[in-house]
1. So the check is Cβ under 7 Å with 6+ separation or different chains; which pairs have a first residue in region B:31-59 that's open to solvent by 70 Å² or more (accessible area, probe 1.4 Å) and a second one that's among the hydroxyl-bearing types (Ser, Thr, Tyr)?
2. For region B:66-73, indicate whether the set of residues that are within 11 Å of another protein chain (Cβ to nearest Cβ) and either surrounded by fewer than 16 Cβ atoms within 10 Å (Cβ to Cβ) or within 8 Å of DNA strand C (Cβ to nearest atom) (or both) is non-empty.
3. When residues of region A:1-16 are filtered for being more than 12 Å from DNA strand D (Cβ to nearest atom) and either surrounded by fewer than 14 Cβ atoms within 10 Å (Cβ to Cβ) or under 14 Å from A:VAL76 (Cβ atoms) (or both), how many remain?
4. Could you tell me how many of the residues in region A:74-105 are loosely packed, with under 11 Cβ neighbours inside 10 Å and not in a helix (DSSP H, G or I)?
5. Looking at A:LEU13, A:LEU101 in this structure, which one is among the hydrophobic types (A, V, I, L, M, F, W, C), within 9 Å of chain B (Cβ to nearest Cβ) and within 30 Å of B:GLY39 (Cα to Cα)?
6. Can we say A:GLY46 is part of a helix (DSSP H, G or I) and modelled with pLDDT of 95 or more?
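The values are calculated or read from the model by the stated rules, or taken from the named source; none is laboratory data. Keep in mind that this is a model prediction, so the values were computed, not measured. Counting neighbours? That spans all protein chains shown, and the Cβs are built from the backbone with ideal geometry, glycine included. Please note that ligands, DNA and RNA were not included when accessible areas were found on the heavy atoms of the full protein model with its side chains. Shrake-Rupley method; radii C 1.70, N 1.55, O 1.52, S 1.80 Å.
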Number of protein chains: 2
Amino acid sequence: MGKQMTEMLKGTLEGIVLAVLTGNPAYGYEITTLLRAQGFPDIAEGTVYALLVRIEQKGLVDVEKRPSEKGPPRKVYTLNAQGKKELDEFWNTWSFLSERLEELRKGGK
Amino acid sequence: MGKQMTEMLKGTLEGIVLAVLTGNPAYGYEITTLLRAQGFPDIAEGTVYALLVRIEQKGLVDVEKRPSEKGPPRKVYTLNAQGKKELDEFWNTWSFLSERLEELRKGGK
DNA sequence: ACTGGTAGCTAGTAACACTGAGTAGTGGAG
DNA sequence: CTCCACTACTCAGTGTTACTAGCTACCAGT
């Protein structure tokens, strides 16, 4: 993946995953394939799992273990209240940055 | 500054500075105050200088030393051809990410 | 002499995504 | 029955980045 993209994902990937989790609980493998399907560049599996561990430790999601028809049991992540709050903040931060960037792009001849 | 913003700036701050440099050469101190004036959160001076060193080593800018009326000589940075190319790539990456995020925001019920 | 504004620089730290590997469980093809 | 593909998760190590918290240095005004 491009180095630029890699760096730009820092700080946004977490928000992306939280956004994906909004309304529909999901497990790691599912999220990874979902992101790839939605056009996101090749997200490494390891990256997603590490991120999930992080947001779990931050208490942004609830975790439930469910048996799978295929393979080992899944860890299903559900966005909780604190996670929603974090997601709101994420959108605020994103909007701010996005607006500034758009201004720069216009002004930058 | 917010931790979220800090992480989100990773990868974008370089593009921001390159964009600022488009059309008008500037020196470090100037860029710092400019960014702050343009509404960007408290960018640390040290951050800007470190970034300038980086883009200089990458060969994205030309540097010229000019005496200042006030204080030590200024290092004026000018965007060169390679820098413009990098900036174009930055906008591409940014656009891609931005579109995906907007979709997520809408779809995110 | 001293303060404040200008201008640049540096070492150390924390956070994050990636790489590349590994461990398991299940079901189907041969 | 064995091998392989898919599912699902885990982990150690790496590179990049922005921040913190300082420092040096020059000049003008008080």
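1. Pairs found: B:GLU45/B:THR32.
2. Start the filter on region B:66-73 by keeping residues that are within 11 Å of another protein chain (Cβ to nearest Cβ), which leaves none.
No: zero hits.
3. 1
4. Step one: of region A:74-105, the residues loosely packed, with under 11 Cβ neighbours inside 10 Å are A:81.
The next check asks that each one be not in a helix (DSSP H, G or I); those that pass are none.
Selection size over region A:74-105: 0.
5. Working: A:LEU13 fails: within 9 Å of chain B (Cβ to nearest Cβ).
After ruling out the rest, the residue left standing is A:LEU101.
6. Working: part of a helix (DSSP H, G or I): yes; modelled with pLDDT of 95 or more: no.
When the stated conditions are applied, A:GLY46 does not pass them.
One line per residue, one yes/no per condition, for (1) more than 11 Å from chain A (Cβ to nearest Cβ); (2) touching a His at 6+ places or on another chain (Cβ under 6 Å); (3) within 8 Å of DNA strand C (Cβ to nearest atom); (4) of a type outside the set (Phe, Trp, Tyr):
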{"site": "B:PRO25", "(1), (2), (3), (4)": "yes, no, no, yes"}
{"site": "B:ARG36", "(1), (2), (3), (4)": "yes, no, no, yes"}
{"site": "B:ILE43", "(1), (2), (3), (4)": "yes, no, no, yes"}
{"site": "B:ARG54", "(1), (2), (3), (4)": "yes, no, no, yes"}
{"site": "B:LYS75", "(1), (2), (3), (4)": "yes, no, yes, yes"}
{"site": "B:GLY83", "(1), (2), (3), (4)": "yes, no, no, yes"}
{"site": "B:GLU86", "(1), (2), (3), (4)": "no, no, no, yes"}
